[in-house]
Amino acid sequence: MTRSISYLMASIISFAVISVTSAAEFEPLFDGSSLEGWKHNGNWKIEEGAITREGKGGSLVYKAKKVPDDFELVFEWKVAPGSNSGVYYRPTQYEYQILDNSKHADGKNPRTSAASLYFCMPPSHDNTKTPGEWNQGRIICKGTVIQHWLNGEKVVGFDYTDPKYAAEVKMLKQRGGNLAARGAFLSLQDHGDPVWYRNIKLRELGPDDRLDRTPVAPQELTAAQKKAEAEKLSRIVENRKRAQERAKQKNKK
């Protein structure tokens, strides 16, 4: 009973900090029984009230409406040991990383670990639960402020126009990301690994909504981690250049 009360209070507190005046209510994007409004290639299904994937076919995309420019998205997720997925919520490379930090290679670098803004901003700390247990995810975007929450704690919170984050923004841009982009359809990434999602809800934020601006410090990377990610970024950039060149050649034919 004590644990249930604590969980309820934590949920109330985590939702209360975003706004004092918001009247907007959450819209469920998944009712636990159908994938109405979602588009996929037959590789996603419903299992015990949750969305999960099987086979091959790519991401699951919510096509009923686009994500508002300013919004709050809440969802629950869990992974199997070693699994990797992601929630894409704005165009280009806006990804809330979904990961088993303990076994997947991306967990070795905070910048690509669970709840990071992938290959841009590391979370303040690892607040994930054991694989197989449900995590509470939360994404808040308002103007140029981006927040990622995990299990009731804000782990990413920054304004991407702040000069002190210029290096992180540049890194994402090199990877192909544009933080000024808006108007995407919500997308759940298929990385070929077992992953589950449920209780996905979205609401639009208005000009009167006030955010919790308590600062959070991103995890520091070691010299070895920085070296490894620089090498990975170089491969990503080269692969993108080759793909663009192949596309140009194809268009000439």
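Could you go through the range 179-198 and let me know if any residue there is touching a Pro at 6+ places or on another chain (Cβ under 8 Å) and buried (at least 21 other Cβ atoms within 10 Å of the Cβ). No: the range 179-198 contains no residue that is touching a Pro at 6+ places or on another chain (Cβ under 8 Å) and buried (at least 21 other Cβ atoms within 10 Å of the Cβ). Here the condition is being at pLDDT below 95 and surrounded by fewer than 17 Cβ atoms within 10 Å (Cβ to Cβ); of Lys173, Lys164, it holds for Lys173 alone. Can you tell me which residue in the range 119-137 is farthest from Trp196 (Cα to Cα), limited to those that are buried (at least 18 other Cβ atoms within 10 Å of the Cβ) and among the hydroxyl-bearing types (Ser, Thr, Tyr)? Only one residue fits best here, namely Ser124. With the requirement that a residue be buried (at least 23 other Cβ atoms within 10 Å of the Cβ) and under 16 Å from Gln225 (Cβ atoms), what does the range 84-109 give you? Within the range 84-109, Gln97, Leu99 qualify. Looking across the range 207-229 at every residue that is surrounded by fewer than 11 Cβ atoms within 10 Å (Cβ to Cβ) and small (Gly, Ala, Ser), the one that is nearest to the chain's Cα centre (by Cα) is identified as Ala217. In the range 143-160 there is no residue that is within 17 Å of Ile98 (Cβ to Cβ), in contact with an Asp or Glu (Cβ under 8 Å, 6 or more places away or on another chain) and charged (D, E, K, R).
The values are calculated or read from the model by the stated rules, or taken from the named source; none is laboratory data. Small disclaimer: the values here were computed from a predicted structure and weren't measured. No Cβ is skipped: glycine too gets one built from the backbone with ideal geometry, and neighbour counts run over all protein chains shown.
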